[in-house]
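J.: Input: one structure, supplied below.
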Amino acid sequence: MAREILTSGIRPTGELHLGNYYGAMKNILELQNKYQAYFFIVDIHSLTTHPKPDSLMRNVLEIAKDYLAAGLDPEQSTFYTQSSIAEEICELHTYLSMVMPLGDLLRCPTFKEKAKKHPDNVNYGLVGYPVLMAADILIHKGKLVPVGEDQLVHLEMARTIVRKFNQLYGEIFPEPRPIIENAVRIPSLSGKGKMSKSDLANSYISMKDSKEIIHEKVRKAYSDPTRVYKHQAGNPSKEGCNVYHLHTYFTDQETLNEIQVNCQGAAIGCIQCKSLLSNSIQTLIEPFRDKREKLTDDYIYDVLALGRRKAKESSQKVIAEVRKAIGLRMF
Ligand code: ADP
Ligand code: TRP
């Protein structure tokens, strides 16, 4: 039986950190065995903020390396850049824009938030962001879309578009459904909120950090504020100690139990405990970093060219069907 089609857009922005990797990326990549997956780097979407051409190109390469190092299989899935099928995507985007109600776009909370934050750059592309996203999904007749909570509203708009389009032109598209990302939120090393790249560099672990840097960052991490002396008992719980909270994601159960007993009994201090945490994190990152370092730019170009061929094939079929349904004929 044919596997259901899954589409997932990847933003080419910023450095990948442990939170992204552990909280989102790993789960998304697990889906590639179950579905016929299309993973694409949304370089056209990123133009809303006018990145410098050199840095856009560099970011695309870097993020492609991240996903491949994390286990994306470019043979099994289709992995490409959105712009490499620009003709099909932009054409479909235009057709979809004709049925998308403008009011919904202007009321969209992500749009309003961005417009408020950057009032000097409220461009047409920003308003139409969800329509372009719908085109990404529908160009392959995607049925499933893994998304974080913040993207649900965009997916709802894609569903609105499908309903309106199908009403006018027949059952062309399936209504895409979300696969909600698990709600794991890796805490920041600073103890304030989730790990995020918009935090100070010392508050997150980049997936590219060396063993020494990981050790240094973890050594300075916020721990249990009530434990001032080593001979004091600690509070090894998620609420009581940020370092323990981090351990729960990255350290095996047996070591975790030992830490709990030893911390409560004041048999280990925070420095030792942090050193165990940095070992656990290092064990997770090392294979990723090693694999990533071996990926050359030329290899990435080949992978993305393969992805483009596969994505072209699928998207050209759909766009031909769409034109016919609309009543557009290529002479
Ligand atoms: P950042 O806050 O670093 O800018 P993004 O907003 O770019 O992160 O998030 C990219 C993806 O990574 C999203 O799917 C988001 O849910 C996930 N993510 C970001 N930070 C964390 C975290 N600390 N723990 C788990 N998942 C995270
Ligand atoms: N808007 C998504 C984000 O900010 C990225 C994206 C673009 C996407 N096109 C998509 C996600 C299509 C899923 C499907 O993360």
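The values are calculated or read from the model by the stated rules, or taken from the named source; none is laboratory data. Every value quoted in this text rests on a predicted model; they were computed, and no experiment measured them. Reconstructed Cβ throughout: ideal geometry from the backbone, glycine too, with neighbour counts over all protein chains shown. SASA here: full protein model, heavy atoms, side chains in, ligands and nucleic acids out. Shrake-Rupley method; radii C 1.70, N 1.55, O 1.52, S 1.80 Å.
J.: Helix 86-97: angle to the longest alpha-carbon principal axis of the chain, degrees 0 to 90, nearest 10?
T.: Between the helix axis and the principal axis of the chain, the angle is about 80 degrees.
J.: What do you get for GluC sites (Glu not before Pro) in the range 59-143 restricted to DSSP loop and a cutoff of at most 14 other Cβ within 10 Å of the site's Cβ? Write out the running numbers ahead of the final one.
T.: Working: sites: GLU62, GLU75, GLU87, GLU88, GLU91, GLU113; in loops: GLU75.
Sparse-neighbourhood loop GluC sites (Glu not before Pro): GLU75.
J.: Next question, about the same structure. How would CYS241, CYS90 rank on accessible area, largest to smallest, probe 1.4 Å? Don't skip to the answer; put the middle values down first.
T.: Details: CYS241 15, CYS90 60 Å².
Putting CYS241, CYS90 in descending order of accessible area: CYS90, CYS241.
J.: Now for a separate question. Give me the angle, in degrees from 0 to 90, between the Cα long axis of helix 270-294 and the longest principal axis of the Cα atoms of the chain, rounded to the nearest 10.
T.: The angle comes out near 40 degrees.
J.: Still on this structure, I have one more. Compute a Gaussian network model of the chain, connecting alpha carbons closer than 10 Å, and tell me which residue from SER83, SER210, SER198 fluctuates the most.
T.: Residue with maximal mean-square fluctuation among SER83, SER210, SER198: SER198.
J.: Measuring from centroid to centroid over Cα atoms, what is the spacing of the range 23-89 and the range 171-199 in Å?
T.: Taking the Cα centre of the range 171-199 as reference, the centre of the range 23-89 is 17 Å away.
J.: With a cut-off of at most 10 other beta carbons within 10 Å, and DSSP calling the residue loop, which chymotrypsin sites (Phe, Trp or Tyr not before Pro) in the range 1-102 qualify? Please list them.
T.: Here no loop site has a sparse enough neighbourhood.
J.: Roughly speaking, to the nearest percent, how much of the range 201-290's 1.4 Å accessible area is carbon and sulfur?
T.: Ligands and nucleic acids excluded, carbon and sulfur reach 52 percent.
J.: Continuing with this model, one more query. Compute the acute angle (0 to 90°) between the alpha-carbon long axis of helix 253-264 and the principal axis of greatest extent of the alpha-carbon atoms of the chain; round to the nearest 10°.
T.: 40 degrees
J.: Working with all protein chains in place, sort THR255, THR7, THR13 by solvent-accessible area computed with a 1.4 Å probe, largest first. The partial results should precede the final answer.
T.: On the way: THR255 35, THR7 0, THR13 60 Å².
I get THR13, THR255, THR7, largest accessible area first.
J.: How large is the convex hull of the C-alpha atoms of the chain per residue, in Å³? Display every interim value, and only then the final one.
T.: On the way: hull volume 51.5 nm³, N = 331.
Once divided by residue count, the hull of the chain is 156 Å³.
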